[in-house]
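The values are calculated or read from the model by the stated rules, or taken from the named source; none is laboratory data. Since this is a predicted model, take the numbers as computed values, not measurements. Cβ coordinates were reconstructed from backbone atoms using ideal geometry, including for glycine residues, and neighbour counts include every protein chain displayed. These accessible areas exclude ligands, DNA and RNA; they are computed on the full protein's heavy atoms, side chains included. Shrake-Rupley method; radii C 1.70, N 1.55, O 1.52, S 1.80 Å.
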Amino acid sequence: SSGINAEYGDGQEDEICERREEEVSGYDDGKTSDNHTESETMMSWETNQNLCEGYLTVGDVHICVGNCIQGSRDLSKVRSIAQIVLLKCLQSYPCNAHEISELQIHPTEFRYSANEDIGAGAFPFLSLLNHSCDPNVVRHSIGKKTVLRALRRISSGTELLDNYGYHYATHSASDRRKALKTQYLFTCQCQPCVERKMWPNFGDVPSGIMLRCGKCKTRVPAQNTCISCGHNLCKLTLKLDKAGSEATCFIHRFVKDSNPAGYISIVKFLKLAEAYASPPFRLYNECQEVIKQVWNLQSNSMKPITS
């Protein structure tokens, strides 16, 4: 779809939150031009000098370098411009490039499949996204494009948050902050980093469903009554238990045969959990990971070669 949608992918394209970005195109189309005057060439040269101080966008870089190369007969200037552009790209690449990946499907059990980076690209829109250790979007590669999808409902005006490789479920808060500070030069202040005890690694999250009491808003285990205020939670507990059982059945089947048929049960549970439960807890995390793999199958993938 052309816009950002606040729904999961339910099998309908317009309900998938996605933003496709083409790779940055080169400035040189292989044609030469005689329309540039010497003054225009010098002006472009002076503009490119500002590149070292970060005044220009990537698009400006392409235009300026193209003008200079097409209009200048001074190879030393062309060489200097190329050096400036290369330096600018090398400096920004580690923090702004995104991987282009491919799912390597395991020949016998899908659970052992893994993504493999097969390239990298400069995607201006994606580079605008900030980090969270609990992101609300996920990226997948389709050809040389990147598709951005919502991992949960995203209200209008809410910031889209990507993950820079350090997730609360797989890295401790201290390790995440140290790595992000080293590579990206900021101290993460996302919810999992600030509320560390409430956001443990995957192995330590509660195994049972955690509810958010509709009356006192306390985070409590799924049971008949709230242990804090005594509010009746029976109907809500039964509703989530049923949806959770259906989602669990799908997960057990999917990790074996990678058949996405019926993945709507995952979407149903995630929506209920966001409305009435209090993540993180094990089943919620598992459903999020499985929905990522379902989308993975719709993206770049390599099936094993059979004789």
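Return the residues of region 87-102 that are of a type outside the set (Phe, Trp, Tyr) and out of contact with any helix residue (DSSP H, G or I) (no Cβ under 8 Å at 6 or more places or on another chain); say none if nothing qualifies. Outline the logic, then answer.
First, pick out the residues of region 87-102 that are of a type outside the set (Phe, Trp, Tyr): 87-92, 94-102.
Across region 87-102, the qualifying residues are Cys89, Leu90, Gln91, Ser92, Ala97, Glu99, Ile100, Ser101, Glu102.
Under the condition of being over 14 Å from Phe250 (Cβ atoms) and hydrophobic (A, V, I, L, M, F, W, C), which residue from region 261-296 is most open to solvent (accessible area, probe 1.4 Å)?
The extreme case among them is Ala275.
Give the residue that is modelled with the lowest pLDDT, with candidates limited to residues of region 108-128 that are part of a strand (DSSP E or B) and open to solvent by less than 40 Å² (accessible area, probe 1.4 Å). First the steps, then the outcome.
Step one: list which residues in region 108-128 are part of a strand (DSSP E or B), which gives 114-122.
Next, only the ones that are open to solvent by less than 40 Å² (accessible area, probe 1.4 Å) stay: 119, 121.
Numbers: Gly119: 88, Gly121: 85.
The qualifying residue modelled with the lowest pLDDT is Gly121.
Within region 190-246, work out how many residues are touching an Asp or Glu at 6+ places or on another chain (Cβ under 9 Å), surrounded by 15 or more Cβ atoms within 10 Å (Cβ to Cβ) and not aliphatic (A, V, I, L, M).
The total comes to 3.
Go through (1) modelled with pLDDT under 95; (2) farther than 25 Å from Pro206 by Cβ; (3) not aliphatic (A, V, I, L, M) and name the single condition Arg153 misses.
Tallying (1) modelled with pLDDT under 95; (2) farther than 25 Å from Pro206 by Cβ; (3) not aliphatic (A, V, I, L, M), Arg153 fails exactly one: (2).
Mind listing whichever residues of region 129-148 are more than 17 Å from Asn285 (Cβ to Cβ) and in a strand (DSSP E or B)?
Of the residues in region 129-148, the ones more than 17 Å from Asn285 (Cβ to Cβ) are 129-131, 139-148.
Asn130, His131, Arg139, His140, Ser141, Ile142, Lys145, Thr146, Val147, Leu148 - these are the residues of region 129-148 that are more than 17 Å from Asn285 (Cβ to Cβ) and in a strand (DSSP E or B).
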